[in-house]
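To start, the structure under review is shown below, and the notes come after it.
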Amino acid sequence: MEGFCFARCRFTRLVAAMQLVMGVLVICISMASLHRFYTSDAFLPGGLDDTARCGAKFHTVAAAAGGYAGFDIRALADRVDEVLVQLAELQDKLEATALKIGKKTKKRKGKAHLQQQENMTMPEFQRFLEDEVIHPLYGAHIALRLIRIPRPDPDGGEGDGDAPTAVDPLVNFFNAEETRKYVTAKGNRDGRLSVYGTNRTYGTIGHACVVMQRELDEYMSYDVGAYCPDDWDLGQRLMLGGCDPLPRRRCLARASKLFQRPLPINESLWALPDDGNVRWSRYHCRGYRCLSARNPRRGYDRCVGCFDMDREKQRWVGKRNATANAQSLADFRIDEVLAVKPGEVRVGLDVSVGTGSFAARMRERGVTVVTTALNVGAPFAETVALRGLVPLYATLSQRLPLFDNSMDMVHTAGVFEGWVDLQLLDFVLFDWDRVLRPGGLLWVDKFACARKDLDDYMYMFLQFRYKKHRWVVSFKSKDEVYLSALLEKPPRS
């Protein structure tokens with residue numbers, strides 16, 4: 001028993017000694033890191049005292065040409081303070097544990113059985129090291145390594161005090177490690193130029209991500225290489241809030257556990273997909289039958305009836321009666337529109353709220369149409385894809401990922417509905433004009449607005465001086481109107 005107690009006492013002393021050594025090591029590392037940071041004069045002009053140097057380079061960065069515009073010194077200071085707090089907490093834990101073990105060691109005489117119960121076993125010691133030492137130390141280590149300070153740009157010349165600096169925008173602003181890694185510039189290997197002729201690549205995010213920092217940190221908190229959290233709705237909420245584009249994530253996207261092979265293309269265009277092919281966890285409904293227009297609690301209020309395929313089959317086709325009313329005159333037929341430019345409409349963009357029925361009709365006529373789709377209350381994007389069509393998961397906040405003069409047609413229906421700010425609409429229309437080729441068609445399909453706002457919205461479309469093939473204004477109600485138009489972009493050179 002005495003030999004066992006002696007071995008346990010030696011183990012206790014060894015534990016205390018290891019913890020003290022690790023505590024001293026952590027303190028030395030933190031002091032060395034802070035000393036390196038505070039004495040980094042490579043990015044500060046010589047001959048100035050500390051106050052002048054800080055003022056010259058950090059507090060007047062916006063005024064200096066080629067200076068540190070965009071470098072957030074406050075975020076950097078917050079990051080350093082966060083590391084110091086982590087190290088101080090770790091030091092307190094180590095000191096308290098060492099003191100506690102020391103007190104227990106003094107009581108070992110005459111209390112061998114009590115000492116045997118109070119001593120820490122190897123599994124407990126391992127758990128203590130992992131939870132109370134290694135993980136906090138790793139967090140502080142990562143936080144220190146991710147601190148970014150301005151440094152001379154290797155492409156900006158050497159020996160010049162006013163040389164441009166390479167600063168990673170926002171890298172010290174976000175808390176999630178994955179976000180910070182994503183926005184950090186990635187230099188090419190061996191200094192070689194990329195296929196695009198650049199020497200580094202930035203991961204881009206929408207500027208409103210700064211306003212939605214808490215939500216973005218939540219979105220970017222995941223296990224690398226594991227399954228992504230089921231939080232697509234959080235990502236969409238970020239996009240709709242202006243955090244668009246979102247950062248890429250290094251996790252595996254989830255799919256429905258009941259996913260079935262999709263229908264062949266000759267059957268999928270006008271058939272609802274299988275319920276098992278959609279993740280319904282974030283919707284009010286749990287199946288396509290619930291999304292019927294006859295269900296008042298379907299969970300969405302746009303595109304009513306667009307999940308009823310029998311109704312969708314009747315849109316944009318058929319012949320107009322001679323006694324058609326003014327409202328039906330605003331419903332253009334696809335064949336009539338394509339007859340304006342026979343054989344010239346091959347690719348197009350559909351900016352609508354729906355399940356891709358317009359793209360399906362155009363596909364039947366040999367025209368490839370990409371459809372914008374967001375899952376606002378219902379699985380619009382999944383449905384478009386499962387019908388064998390191409391959904392473009394993008395918001396109105398984002399510039400279209402299409403090159404200039406590349407589309408034969410742009411079609412829009414049910415998106416703006418009179419709520420859109422005129423300046424936002426102006427930016428959107430100029431972007432549509434950019435991607436539409438000379439001679440291309442802009443199809444405005446029943447743009448709804450208040451009657452008193454009609455003149456303002458009409459000007460927005462007329463300012464481009466497109467050729468009018470069709471222009472119809474009809475009443476939607478006593479105070480609302482529809483505007484439908486088929487316009488041709490003039491040649492510009």
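The values are calculated or read from the model by the stated rules, or taken from the named source; none is laboratory data. What you are looking at is a predicted structure, and each value in this text was computed from that prediction instead of being measured. Glycine also receives a Cβ, built like all others from the backbone with ideal geometry; neighbour counts cover every protein chain displayed. Accessible surface areas use protein heavy atoms only, side chains included; no ligands, DNA or RNA. Shrake-Rupley method; radii C 1.70, N 1.55, O 1.52, S 1.80 Å.
Taken together, the criteria place residue 456 among residues that are part of a helix (DSSP H, G or I), farther than 22 Å from residue 303 by Cβ and over 31 Å from the mean Cα position of the chain (by Cα). Within the stretch 348-370, the set of residues being farther than 18 Å from residue 308 by Cβ and under 28 Å from the mean Cα position of the chain (by Cα) comprises 348, 349, 350, 351, 368, 369, 370.
Do you know which residues across the stretch 255-280 are open to solvent by 60 Å² or more (accessible area, probe 1.4 Å), assigned to a loop (DSSP other than H, G, I, E, B) and not acidic (Asp, Glu)? Passing the criteria: 255, 257, 258, 259, 260, 261, 262, 263, 264, 272, 279. Among residues of the stretch 468-493 that are of a type in the set (A, V, I, L, M, F, W, C), those with a beta-carbon under 7 Å from a residue that is buried (at least 16 other Cβ atoms within 10 Å of the Cβ) and part of a loop (DSSP other than H, G, I, E, B) at least six positions away or on a different chain give the pairs 472/330; 486/332; 487/466. Looking only at the stretch 307-314, decide whether some residue is part of a loop (DSSP other than H, G, I, E, B), open to solvent by less than 100 Å² (accessible area, probe 1.4 Å), farther than 27 Å from residue 179 by Cα and in contact (Cβ under 8 Å) with a residue 40 or more places away in the chain. Yes; the residues of the stretch 307-314 include at least one that is part of a loop (DSSP other than H, G, I, E, B), open to solvent by less than 100 Å² (accessible area, probe 1.4 Å), farther than 27 Å from residue 179 by Cα and in contact (Cβ under 8 Å) with a residue 40 or more places away in the chain. So which residues in the stretch 402-451 are part of a loop (DSSP other than H, G, I, E, B), at negative phi and modelled with pLDDT of 95 or more, if there are any at all? Result: 402, 403, 404, 406.
Among the residues of the stretch 401-415 satisfying the criterion of being open to solvent by 20 Å² or more (accessible area, probe 1.4 Å) and of a type in the set (A, V, I, L, M, F, W, C), which is nearest to the chain's Cα centre (by Cα)? Reasoning before the result, please.
Filtering the stretch 401-415 down to residues open to solvent by 20 Å² or more (accessible area, probe 1.4 Å) leaves 401-407, 414-415.
Imposing the further condition that a residue be of a type in the set (A, V, I, L, M, F, W, C) reduces the set to 402-403, 407, 415.
Values: 402: 19, 403: 22, 407: 26, 415: 22 Å.
If we take residues in the stretch 401-415 being open to solvent by 20 Å² or more (accessible area, probe 1.4 Å) and of a type in the set (A, V, I, L, M, F, W, C), then 402 is nearest to the chain's Cα centre (by Cα).
Of the listed requirements (1) touching a helix residue (DSSP H, G or I) at 6+ places or on another chain (Cβ under 8 Å); (2) at pLDDT 65 or above, residue 119 misses just one: (2). Taking the stretch 459-475 as the range and being under 37 Å from the mean Cα position of the chain (by Cα) and either farther than 20 Å from residue 404 by Cα or assigned to a strand (DSSP E or B) (or both) as the test, the residues that pass are 459, 460, 462. Here is a check on your reading of the model: is residue 393 under 29 Å from residue 245 (Cβ atoms), aromatic (Phe, Trp, Tyr) and in contact with a helix residue (DSSP H, G or I) (Cβ under 6 Å, 6 or more places away or on another chain)? Considered against the rule, which asks whether it is under 29 Å from residue 245 (Cβ atoms), aromatic (Phe, Trp, Tyr) and in contact with a helix residue (DSSP H, G or I) (Cβ under 6 Å, 6 or more places away or on another chain), residue 393 comes out as yes. Selection within the stretch 434-493: residues that are closer than 23 Å to residue 341 by Cα and among the acidic types (Asp, Glu). The member of this set that is least open to solvent (accessible area, probe 1.4 Å) is 445.
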